[in-house]
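Here the structure comes first, spelled out in structure tokens, and everything after it is commentary.
The values are calculated or read from the model by the stated rules, or taken from the named source; none is laboratory data. Small disclaimer: the values here were computed from a predicted structure and weren't measured. What goes into the accessible areas is simple: the full protein's heavy atoms, side chains included, and nothing from ligands, DNA or RNA. Shrake-Rupley method; radii C 1.70, N 1.55, O 1.52, S 1.80 Å.
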Amino acid sequence: MPNIESAIKRVRTNANANAQNSSQKNSMRTAIKKFEDAVATGADNADELYKEAARAVDMAESKGLIHKNKASRDKSRLSKKLAK
């Protein structure tokens, strides 16, 4: 455990940031899984779920949680699954 006040604050700040980042990434993964399940079962709301998944990927990219190339790759794969 750090002794210096600023280091103690960094520990708290990092813990909060980690919780927020983990939550954001989990929601992105959940949106992608929901879309993939809908496509696999042939659900009619696949278009809506695609928009939500693409938006979640964009949000994660804009917050710096994933690289921009990964975001593009993920969205490309989702759109390919939607087109099938």
1.4 Å probe accessible area per residue over the chain, in Å²: 75 Å²
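First compute the accessible area of the chain with a 1.4 Å probe, then give the percent of it belonging to carbon and sulfur atoms. Display every interim value, and only then the final one.
Working: 3000 of 6270 Å².
So the carbon and sulfur contribution to the accessible surface is 48 percent.
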Degrees between helix 68-83 axis and first principal axis of the chain (Cα, 0 to 90, nearest 10): 20 degrees
